[in-house]
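**Student:** To start, I am sharing the structure in question, which I have written as structure tokens.
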């Protein structure tokens with residue numbers, strides 16, 4: 001279990017993390033979400049003792065990370081898959097970690113096989129693609145067979161097979177009663193992977209809920225219209241519009257409302273599909289005022 005109590009981190013006048021209070025419990029995959037600059041990576045670095053809090057505390061199983069007697073046996077982490085010596089082979093990289101942490105070196109072959117890198121064990125890390133580096137980073141996180149796992153953007157660079165593999169791995173890890181905290185920008189993947197969500201913006205916790213509860217906040221309607229300007233008319237009618245491939249998604253108005261407005265405006269609708277609110281749409285609505293960096297909203301006109 002990971003416990004944050006009023007965790008705060010300042011860099012001069014900038015507050016990167018602002019009084020975070022939450023608990024990451026074992027037995028579920030917890031998704032850690034937020035816009036760019038929200039403070040996710042800084043928070044994870046403080047969990048791992050890489051950055052010191054300005055105030056507050058964060059503990060793992062009731063202890064600070066620096067007080068863990070065998071950290072790799074208790075916490076596995078992936079923050080930067082490229083943080084490897086480029087001339088060291090994959091097996092040597094893991095062997096070094098194992099020997100420095102009292103982990104049997106036989107575990108190296110096991111995790112290389114688990115992540116699909118057995119055939120590349122002798123290759124230098126500098127020759128690896130992004131996806132292969134990601135797999136090696138995950139192998140390092142799993143090396144000590146830890147009860148706690150922290151992964152920052154674990155699907156970055158993975159092909160579809162790799163994405164399915166890491167999703168299955170995280171869910172099976174949690175099913176064994178372990179604590180899994182994963183940060184990602186891929187909302188569609190988090191919707192399939194995470195049981196519970198922690199969402200932060202500008203360093204503050206703005207939502208904490210089960211994934212199913214978070215996406216059950218209302219109805220969204222997918223629309224394909226003959227007139228692109230129809231999106232603006234829906235906004236004026238109180239809807240919130242988000243571009244999506246082939247059309248746009250609108251929340252805040254019902255499908256019958258959209259149909260009636262289209263009929264009144266003489267707009268042809270090619271598709272009008274009500275559906276449950278997606279994680280992406282719910283996330284965008286919740287964090288609309290918390291993004292430090294954002295492009296223009298709505299549909300191009």
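**Student:** Hey, residue 206 hits all of (1) surrounded by 21 or more Cβ atoms within 10 Å (Cβ to Cβ); (2) touching a helix residue (DSSP H, G or I) at 6+ places or on another chain (Cβ under 7 Å); (3) assigned by TED's automatic domain parsing to the domain that holds residue 154 but one; which does it fall short on?
**Tutor:** Evaluating residue 206 over (1) surrounded by 21 or more Cβ atoms within 10 Å (Cβ to Cβ); (2) touching a helix residue (DSSP H, G or I) at 6+ places or on another chain (Cβ under 7 Å); (3) assigned by TED's automatic domain parsing to the domain that holds residue 154 leaves (1) as the failure.
**Student:** Another question, if that's okay. Within the bounds of region 151-160, is there any residue that is free of Cβ contacts under 8 Å to residues at least 24 places away in the same chain, surrounded by fewer than 18 Cβ atoms within 10 Å (Cβ to Cβ), in contact with a helix residue (DSSP H, G or I) (Cβ under 6 Å, 6 or more places away or on another chain) and farther than 25 Å from residue 208 by Cα? Break it down stepwise before answering.
**Tutor:** The first filter runs over region 151-160 and keeps only residues free of Cβ contacts under 8 Å to residues at least 24 places away in the same chain, leaving 160.
Restricting the remaining residues to those that are surrounded by fewer than 18 Cβ atoms within 10 Å (Cβ to Cβ) gives 160.
Filter once more, keeping what is in contact with a helix residue (DSSP H, G or I) (Cβ under 6 Å, 6 or more places away or on another chain): none.
No, every residue in region 151-160 fails to be free of Cβ contacts under 8 Å to residues at least 24 places away in the same chain, surrounded by fewer than 18 Cβ atoms within 10 Å (Cβ to Cβ), in contact with a helix residue (DSSP H, G or I) (Cβ under 6 Å, 6 or more places away or on another chain) and farther than 25 Å from residue 208 by Cα.
**Student:** Test residue 174 against the criterion of being under 16 Å from the mean Cα position of the chain (by Cα), assigned to a helix (DSSP H, G or I) and either within 17 Å of residue 77 (Cα to Cα) or not assigned by TED's automatic domain parsing to the domain that holds residue 138 (or both), and give yes or no.
**Tutor:** Considered against the rule, which asks whether it is under 16 Å from the mean Cα position of the chain (by Cα), assigned to a helix (DSSP H, G or I) and either within 17 Å of residue 77 (Cα to Cα) or not assigned by TED's automatic domain parsing to the domain that holds residue 138 (or both), residue 174 comes out as yes.
**Student:** Right, another one. Which condition breaks for residue 213 when tested against (1) assigned to a strand (DSSP E or B); (2) surrounded by fewer than 19 Cβ atoms within 10 Å (Cβ to Cβ); (3) modelled with pLDDT under 85?
**Tutor:** For residue 213, the failing item is (1).
**Student:** So which strands (runs of 3 or more DSSP E) stay within region 1-82 end to end and still have 1 or more residues that are farther than 20 Å from residue 190 by Cα, in the same structural domain as residue 190 (by TED's automatic domain parsing) and modelled with pLDDT of 95 or more?
**Tutor:** 2-11, 14-24, 55-60, 75-78
**Student:** As an exercise: evaluate residue 9 against (1) within 24 Å of residue 147 (Cα to Cα); (2) surrounded by 17 or more Cβ atoms within 10 Å (Cβ to Cβ); (3) in contact with a strand residue (DSSP E or B) (Cβ under 9 Å, 6 or more places away or on another chain) and give the number of the one condition it does not meet.
**Tutor:** All conditions pass for residue 9, except number (1).
**Student:** Just a yes or no: is a residue in region 100-121 free of Cβ contacts under 8 Å to residues at least 60 places away in the same chain, assigned to a loop (DSSP other than H, G, I, E, B) and touching a strand residue (DSSP E or B) at 6+ places or on another chain (Cβ under 9 Å)?
**Tutor:** Yes, region 100-121 has at least one match.
**Student:** Also, I was wondering about something else. Might you let me know whether region 244-253 holds any residue that is at pLDDT 90 or above, loosely packed, with under 14 Cβ neighbours inside 10 Å and not assigned by TED's automatic domain parsing to the domain that holds residue 200?
**Tutor:** Checking region 244-253: not a single residue is at pLDDT 90 or above, loosely packed, with under 14 Cβ neighbours inside 10 Å and not assigned by TED's automatic domain parsing to the domain that holds residue 200.
**Student:** So in region 222-243, with the set limited to residues that are at pLDDT 90 or above and part of a strand (DSSP E or B), which one is nearest to residue 41 (Cα to Cα)?
**Tutor:** It comes out as 241.
**Student:** Right, something else. Are any of the residues in region 119-131 under 30 Å from residue 5 (Cα atoms), modelled with pLDDT of 90 or more and surrounded by 16 or more Cβ atoms within 10 Å (Cβ to Cβ)? Steps first, please.
**Tutor:** Start the filter on region 119-131 by keeping residues that are under 30 Å from residue 5 (Cα atoms), which leaves none.
No, because not a single residue in region 119-131 is under 30 Å from residue 5 (Cα atoms), modelled with pLDDT of 90 or more and surrounded by 16 or more Cβ atoms within 10 Å (Cβ to Cβ).
The values are calculated or read from the model by the stated rules, or taken from the named source; none is laboratory data. The structure displayed is predicted, hence computed values, not measured ones. A quick note on method: Cβ atoms are made from the backbone with ideal geometry, for glycine too, and the neighbour counts reach across all protein chains shown.
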